């Protein structure tokens, strides 16, 4: 029994003493998006959209590192007052710094990350007609820039990430309309490295 405990302790120390290796991962999960919408300087009340996110990422090893990803993300919102639905889809490319806590890094690795997020519009669709959706899809910016940050927990080759993306750029080209994307995401990561 003592030999088993000693062997398990040595293996655990060996895993935690080694620096984390670079990792390539595939990620998929849910996304809960909304937007800050202003029309002629007046804020409009919105409801959120639930969608999905799928993609891949590369993370450098060590306590301090960098994460670069590429994700397909569904975003959008509903306008409460007019029952309009706006659906936007993006290819997102975040570049983030990451800090991994050294507690059992190779077996159990909590991490905190944050950085910039560039998003290229893939599709836009609207349902209903009213204040915003009449000509929105013909007048959207094809690039959305923002900030992204989150926390994650890695157990061996599996991880769970919880992130928030805050859009800094205006989605709409119209001067009277201002739309900024916001989204929460929860994703499962399967990594190799």
Starting from the range 48-66, keep only residues that are without any contact (Cβ under 8 Å) to a residue 24 or more places away in the chain, then list their pairs with residues that are part of a strand (DSSP E or B) whose Cβ atoms are within a distance under 7 Å, requiring at least 6 positions of separation or different chains.
50/30; 50/32
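What about residue 85, is it touching a residue at least 24 places away in the same chain (Cβ under 8 Å), farther than 14 Å from residue 172 by Cβ, within 23 Å of the chain's Cα centre (by Cα) and surrounded by 20 or more Cβ atoms within 10 Å (Cβ to Cβ)?
Spelling it out, it is not the case that residue 85 is touching a residue at least 24 places away in the same chain (Cβ under 8 Å), farther than 14 Å from residue 172 by Cβ, within 23 Å of the chain's Cα centre (by Cα) and surrounded by 20 or more Cβ atoms within 10 Å (Cβ to Cβ).
One line per residue, one yes/no per condition, for (1) in contact with a strand residue (DSSP E or B) (Cβ under 7 Å, 6 or more places away or on another chain); (2) at negative phi; (3) at pLDDT 90 or above:
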position: 84; (1), (2), (3): yes, yes, no
position: 95; (1), (2), (3): yes, yes, yes
position: 109; (1), (2), (3): yes, yes, no
position: 135; (1), (2), (3): no, yes, no
position: 165; (1), (2), (3): yes, yes, yes
position: 173; (1), (2), (3): yes, yes, no
Of all residues in the range 141-162, which are in contact (Cβ under 8 Å) with a residue 40 or more places away in the chain and either part of a loop (DSSP other than H, G, I, E, B) or buried (at least 18 other Cβ atoms within 10 Å of the Cβ) (or both)?
144, 148, 152, 154, 156, 159, 161
Residues of the range 167-187 classified as in contact (Cβ under 8 Å) with a residue 60 or more places away in the chain and loosely packed, with under 14 Cβ neighbours inside 10 Å, total:
1
Could you check, for the range 98-121, whether at least one of its residues is within 22 Å of residue 29 (Cα to Cα), free of Cβ contacts under 8 Å to residues at least 60 places away in the same chain, touching a helix residue (DSSP H, G or I) at 6+ places or on another chain (Cβ under 9 Å) and buried (at least 17 other Cβ atoms within 10 Å of the Cβ)?
no
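Residues checked against (1) at pLDDT below 95; (2) at negative phi; (3) within 13 Å of the chain's Cα centre (by Cα):
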| site | (1), (2), (3) |
| --- | --- |
| 14 | yes, yes, no |
| 19 | yes, yes, no |
| 24 | yes, yes, no |
| 38 | yes, yes, no |
| 61 | yes, yes, no |
| 64 | yes, yes, no |
| 72 | no, yes, yes |
| 76 | yes, no, no |
| 81 | yes, yes, no |
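The values are calculated or read from the model by the stated rules, or taken from the named source; none is laboratory data. Just so you know, these numbers come straight off a predicted model, no measurement behind them. Note that each Cβ is placed from the backbone with ideal geometry, even for glycine, and that neighbours are counted across all protein chains shown.
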